[in-house]
Amino acid sequence: MAAAAAATTTTTTTEGESTVEFEGSEIDYVSYGGEHHLPLIMRLVDEELSEPYSIFTYRYFVYLWPQLSFLAFHRGKCVGTVVCKMGEHRSTFRGYIAMLVVLKAYRGRGIATELVTRSIKVMMESGCEEVTLEAEVTNKGALALYGRLGFIRAKRLFRYYLNGVDAFRLKLLFPRPEGREKSNHVLSLC
């Protein structure tokens, strides 16, 4: 009980950016719960990502795949989110991570890993064979995170973003269940 009551403190790094000190148990993760979460997601993405998105883009993702979007809260403040989709792509059932954001003061503490892992788990349980995303080649933090999670760099996309920065298309392949391989093989023999 005493650990849960620990005070949150803010420290300032030498670069002038602040970080928030907290216990991991102080972060609450929730699935997208409806229209009241949409402004929270939009604010985070608008503040932290280089690409501008319209409200229609956000609604496309969260209305069609609400089970793939998660938010992280620290004492009632939304500090991170992940927005994803899944569907058929060239005869593969694929998951796609469209947006991942954690406020700068909260980075490096496992929040992004937890958000992405929750989405990937739902994708796997839904039958996805792979997950893809794009990340700026200059975003070392994101590239390191996805590398730790097993993503590989599948392709470089030149001048992909509106700001002119290149992107890497990253891909995470799931192992095929044994029964599925056999059924595909049997079908190809028929």
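The values are calculated or read from the model by the stated rules, or taken from the named source; none is laboratory data. Being a predicted model, the structure only gives us computed values, none of them experimental. FYI the Cβ positions are ideal-geometry reconstructions off the backbone, even for glycines, and counts take in every protein chain you see. When the accessible area is computed, the model is the full protein with side chains, heavy atoms only, and any ligands, DNA or RNA have been set aside. Shrake-Rupley method; radii C 1.70, N 1.55, O 1.52, S 1.80 Å.
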May I ask you to list the residues in region 138-151 that are open to solvent by 30 Å² or more (accessible area, probe 1.4 Å) and either under 18 Å from Leu162 (Cα atoms) or part of a loop (DSSP other than H, G, I, E, B) (or both)? Thr138, Asn139, Leu149, Gly150
Test: Leu162 is part of a helix (DSSP H, G or I), open to solvent by 70 Å² or more (accessible area, probe 1.4 Å) and either at pLDDT below 95 or more than 19 Å from Phe70 (Cα to Cα) (or both): no
State yes or no: is Val122 on the phi < 0 side of the Ramachandran plot and part of a helix (DSSP H, G or I)? yes
Among the residues of region 115-134, is any closer than 23 Å to Asp46 by Cβ, open to solvent by 30 Å² or more (accessible area, probe 1.4 Å) and modelled with pLDDT under 95? no
When both residues are 6+ apart or on different chains and their Cβ atoms are under 6 Å apart, which pairs have a first residue that lies in region 88-108 and is open to solvent by less than 80 Å² (accessible area, probe 1.4 Å), and a second that is basic (Lys, Arg) and in a strand (DSSP E or B)? Tyr96/Lys85
From (1) in contact (Cβ under 8 Å) with a residue 40 or more places away in the chain; (2) buried (at least 16 other Cβ atoms within 10 Å of the Cβ); (3) not charged (D, E, K, R), pick out the condition that doesn't hold for Met42. (1)
Please work out if Arg156 is surrounded by fewer than 19 Cβ atoms within 10 Å (Cβ to Cβ), at pLDDT 95 or above and over 26 Å from Trp65 (Cα atoms). yes
Determine if region 7-22 includes at least one residue that is in contact with a strand residue (DSSP E or B) (Cβ under 7 Å, 6 or more places away or on another chain), over 24 Å from Tyr160 (Cα atoms) and either at pLDDT 95 or above or in a helix (DSSP H, G or I) (or both). no
